[in-house]
Amino acid sequence: MKAALGGRCTGRQAFEAAWSELRLTIQDAAFAEWRRDRDWRAEVVAKRGLGEKLDSEIRSTLMRCVCGTTFDSWKPAESYQHRAHITAVQATSGTRR
């Protein structure tokens with residue numbers, strides 16, 4: 001390759017030298033984080049391409065009560081017993097949504 005370019009590969013050689021020095025300062029966890037981010041972004045692009053919603057865009061009627069139970073807020077039989085727990089906590093903490 002060097003001969004094909006008339007003996008000039010200094011740009012690539014300079015890059016390789018700089019990268020080999022920089023690579024020693026980058027932790028493997030940073031590369032793993034970059035790969036996870038790359039994969040997540042590819043998944044988002046793929047879902048958008050298929051016209052699908054992201055998981056965070058899908059509504060859920062599930063709620064977690066302060067007692068630790070997960071229930072469906074649209075099913076009265078499941079939610080009535082937890083209303084007392086939730087309103088009691090809201091009254092004591094002064095928060096109300």
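Between THR70, THR87, THR92, the distinction of being among the hydroxyl-bearing types (Ser, Thr, Tyr) and within 30 Å of the chain's Cα centre (by Cα) belongs to THR70 only.
Only one of the numbered conditions (1) closer than 22 Å to SER93 by Cβ; (2) exposed (fewer than 10 other Cβ atoms within 10 Å of the Cβ); (3) among the charged types (D, E, K, R) is violated by ARG83, and that is (2).
None of the figures in this text is laboratory data; all of them are computed from the coordinates on show. Given the structure is predicted, the values throughout are model-derived calculations rather than measurements. Note: ideal-geometry Cβ built from the backbone for every residue, glycine included; neighbour counts use all protein chains shown.
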